[in-house]
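What follows draws every value from the coordinates through simple rules; no lab data is involved. Keep in mind the model is a prediction, meaning the values are calculated, not measured. Heads up, the Cβs are rebuilt from the backbone with ideal geometry, glycines too, and the neighbour counts pull from every protein chain shown.
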Amino acid sequence: MFWDETAKALATTIDIAATYDTDGVELAFFNSQIRTTSRNSSELLQLFRRVDPRKSTPSATALRRVLEPYMDNYELANPQCIATTARS
């Protein structure tokens, strides 16, 4: 199943990614309210068992929900970018 393959693929990289982000890697699922931080592959695989994938994903809405807080923080830290960055 696609979901299991996705979990395994991410599990192989999460330990490496966590070495660059010492407080863990933030995970958000498009069709779920679950957002959490994972520090290793075991935590990630446990999380994947809790989330139930659905057939369709409102991608634009989901991406905006996940990325907008980061963009807001970036724009606050870099006010010179606001004039040159177009957000819808």
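Before moving on, here are some points about what is shown:
- Looking only at the range 21-40, residues that are among the hydroxyl-bearing types (Ser, Thr, Tyr) and outside any strand (DSSP E or B) come to 2 in all.
- Residues satisfying the stated conditions in the range 1-33, i.e. of a type in the set (A, V, I, L, M) and either loosely packed, with under 12 Cβ neighbours inside 10 Å or on the phi > 0 side of the Ramachandran plot (or both): 1, 9, 16
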